[in-house]
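To start, the structure under review is shown below, and the notes come after it.
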Amino acid sequence: QIKVAMAAVVPGESSSSSAQALVPSALELSRRVNSLVDLTDIHKILQDCISTEASIDAELEALLAQRHTTSAALEALAPSRDALIIIRGDAERVLKQVSAAATFAQNAGASIRTLDVTQDRVRKALAVATDELDRATCADALADALAAGGPASG
């Protein structure tokens with residue numbers, strides 16, 4: 001424990017209460033230990049290690065004290081978990097239905113746009129046909145008037 005803590009408390013560096021910050025590589029640990037030559041530095045590092053160990057022990061004790069509360073909270077959540085599983089299944093079904101409806105709506109929209117274009121073309125063709133029919137009617141009326149000797153014949 002002291003070797004691991006020593007790596008985190010070399011002089012000039014701050015000690016950390018997080019256990020993850022106290023895990024150096026073996027090479028780094030060896031380098032730091034070998035660099036210690038002054039008895040005062042070694043004593044200071046030892047004191048820092050002891051205080052770091054005490055703070056880690058306090059954190060562990062606090063976590064262990066919360067263990068019962070955490071276990072009870074997890075047990076209280078168990079019924080909610082079952083309900084959430086059911087809700088998730090329902091939500092997935094609704095998502096599939098909505099996706100199918102959206103796909104249908106997109107296809108229907110595309111069909112409607114195609115029908116609109118076709119309807120516009122039919123209206124234009126009908127207008128052309130009506131214009132041609134009107135011209136034919138006018139031509140027939142003119143021909144009938146000319147044949148009857150209307151005012152244009154001399």
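Is it fair to say Ser99 is assigned to a helix (DSSP H, G or I) and touching a residue at least 12 places away in the same chain (Cβ under 8 Å)?
Numbers: assigned to a helix (DSSP H, G or I): yes; touching a residue at least 12 places away in the same chain (Cβ under 8 Å): no.
Answer is no for this residue.
When Arg121 is tested against (1) at pLDDT 95 or above; (2) open to solvent by less than 60 Å² (accessible area, probe 1.4 Å); (3) not hydrophobic (A, V, I, L, M, F, W, C), just one condition goes unmet, and that condition is (2).
The values are calculated or read from the model by the stated rules, or taken from the named source; none is laboratory data. These numbers were taken from a predicted model, which means no experiment stands behind them. Reconstructed Cβ throughout: ideal geometry from the backbone, glycine too, with neighbour counts over all protein chains shown. Only protein heavy atoms, including side chains, enter the accessible area calculation; ligands, DNA and RNA are left aside. Shrake-Rupley method; radii C 1.70, N 1.55, O 1.52, S 1.80 Å.
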